[in-house]
Amino acid sequence: MTELKLPVIVVNFKVYSEVEGQGALRLAKECERAAGEHKASFAVCPPMVELSKVASSVTIPVLSQHVDARSPGSITGHVSPQSVKAAGAVGTLINHSEHRMAMPDIAIAVKMCREQGLISIVCTDSSETSVAVAAYGPDFIAVEPPELIGGDISVTTADPQIVSRTVELVKKVDPKVKVLCGAGVKNGADVKAALRLGASGVLLASGVVKAKDVKAVLKDLVSGL
Ligand code: G3P
């Protein structure tokens with residue numbers, strides 16, 4: 001299984017208009033360039049419809065934004081772990097705040113990803129949910145308070161305890177599960193704070209996707225590693 005080099009900056013492109021069509025590949029190329037230039041670990045989650053194109057065009061790890069806990073077959077509109085692997089993704093987000101899943105489905109999706117050799121990053125909204133999810137043995141848990149997502153105040157400033165507490169509690173359940181944090185992460189100082197709180201990296205979106213000067217933002221983010 002491909003592993004993410006730690007600490008890692010995971011950029012979720014979401015489905016913002018900036019990353020429609022060629023925009024997704026353009027942004028992925030910027031992240032690839034920043035990874036090479038600054039010797040930093042980046043992973044990107046392009047919109048689902050651009051997954052295959054981006055995965056075949058960049059050398060940095062490409063992750064799916066979602067998988068369903070469904071096997072290949074008559075599952076119209078669903079996304080099987082097998083299909084994202086075939087598209088070139090090395091892993092996937094699961095249960096993003098904007099694409100929640102039932103707990104039993106999260107457990108199945110994590111297991112299916114493991115069987116496929118896909119990296120699983122399960123998003124959670126609290127330390128308590130993180131503890132429950134840690135028992136499923138994902139590779140990563142990304143804790144993100146929903147109310148801070150898309151805002152200008154980083155989780156590391158608004159609620160640093162949620163990060164340190166999640167790191168501490170998840171370690172007790174399964175020390176192999178790494179914790180990322182996200183929501184409002186915008187700059188190198190936020191990244192530095194996340195690592196100081198015990199996170200293995202950050203998951204962010206708007207700070208990069210909506211940036212006027214993407215190069216400058218990526219450079220700044222890396223300064224916190
Ligand atoms: O997936 C990352 C995300 O939910 C955080 O979004 O825009 O607050 O960085 P943002």
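Just to verify a result, which residue in region 83-123, among those that are within 16 Å of the ligand (Cβ to nearest atom) and small (G, A, S), is most open to solvent (accessible area, probe 1.4 Å)?
Restricting to residues being within 16 Å of the ligand (Cβ to nearest atom) and small (G, A, S), the top hit is S97.
Just give me the residues in region 177-200 being basic (K, R) and either surrounded by 24 or more Cβ atoms within 10 Å (Cβ to Cβ) or in contact with a Gly (Cβ under 9 Å, 6 or more places away or on another chain) (or both), in sequence order.
Once the filter is applied, which keeps residues that are basic (K, R) and either surrounded by 24 or more Cβ atoms within 10 Å (Cβ to Cβ) or in contact with a Gly (Cβ under 9 Å, 6 or more places away or on another chain) (or both), region 177-200 yields K178, K186, K192.
Which condition number in (1) under 19 Å from V209 (Cα atoms); (2) surrounded by 18 or more Cβ atoms within 10 Å (Cβ to Cβ); (3) aliphatic (A, V, I, L, M) is the one that V49 fails?
(2)
Starting from region 1-20, take each residue that is within 16 Å of I94 (Cβ to Cβ) and list its partners that are open to solvent by 30 Å² or more (accessible area, probe 1.4 Å) and within 11 Å of the ligand (Cβ to nearest atom), counting only C-beta distances under 6 angstrom and pairs at least six apart or across chains.
Here the result reads none, with nothing in region 1-20 linked to a residue that is open to solvent by 30 Å² or more (accessible area, probe 1.4 Å) and within 11 Å of the ligand (Cβ to nearest atom).
How many of the residues making up region 160-171 are open to solvent by less than 50 Å² (accessible area, probe 1.4 Å) and either of a type in the set (S, T, N, Q) or under 14 Å from the mean Cα position of the chain (by Cα) (or both)?
The qualifying residues number 2.
Show the residue pairs that are 6+ apart or on different chains and have beta-carbon atoms under 7 Å apart, the first residue being within region 168-187 and farther than 26 Å from V208 by Cβ, the second being within 16 Å of the ligand (Cβ to nearest atom) and modelled with pLDDT of 95 or more.
As it stands, the answer is L169/S130, since those pairs meet every condition given.
What residue, among those in region 55-78 that are within 22 Å of Q22 (Cα to Cα) and in contact with an Asp or Glu (Cβ under 7 Å, 6 or more places away or on another chain), is surrounded by the fewest Cβ atoms within 10 Å (Cβ to Cβ)?
In this case the residue turns out to be T59.
Of all the residues that make up region 201-225, how many are surrounded by 19 or more Cβ atoms within 10 Å (Cβ to Cβ), of a type in the set (G, A, S) and more than 11 Å from the ligand (Cβ to nearest atom)?
Total meeting the criteria: 2.
Residue by residue through region 185-211, note down the ones that are more than 24 Å from A132 (Cβ to Cβ) and not aliphatic (A, V, I, L, M).
Scanning region 185-211 gives K186, N187, G188, D190, K192, R196, S206, G207, K210.
Check T157 against each of (1) open to solvent by 30 Å² or more (accessible area, probe 1.4 Å); (2) hydroxyl-bearing (S, T, Y); (3) within 25 Å of G137 (Cβ to Cβ) and name the one condition it does not meet.
Looking at each condition in turn, T157 falls short on (3).
Which numbered condition trips up V155, out of (1) out of contact with any Lys or Arg (no Cβ under 8 Å at 6 or more places or on another chain); (2) over 30 Å from P81 (Cα atoms)?
(2)
Take the residues of region 124-175 that are of a type in the set (A, V, I, L, M) and part of a loop (DSSP other than H, G, I, E, B): which is nearest to the ligand (Cβ to nearest atom)?
That would be I149.
Say we look at region 9-39 and pick out the residues that are more than 16 Å from the ligand (Cβ to nearest atom) and touching a strand residue (DSSP E or B) at 6+ places or on another chain (Cβ under 7 Å); which of these is nearest to G201 (Cα to Cα)?
This residue is A35.
Looking at D174, is it surrounded by fewer than 21 Cβ atoms within 10 Å (Cβ to Cβ), closer than 27 Å to E18 by Cα and of a type in the set (D, E, K, R)?
Details: surrounded by fewer than 21 Cβ atoms within 10 Å (Cβ to Cβ): yes; closer than 27 Å to E18 by Cα: no; of a type in the set (D, E, K, R): yes.
Taking the combined requirement at face value, the residue does not satisfy it.
The values are calculated or read from the model by the stated rules, or taken from the named source; none is laboratory data. It should be emphasised that the depicted structure is a prediction, and the values quoted were computed from it without experimental measurement. A quick note on method: Cβ atoms are made from the backbone with ideal geometry, for glycine too, and the neighbour counts reach across all protein chains shown. Calculation scope for accessible area: heavy atoms of the full protein, side chains included, ligands and nucleic acids excluded. Shrake-Rupley method; radii C 1.70, N 1.55, O 1.52, S 1.80 Å.
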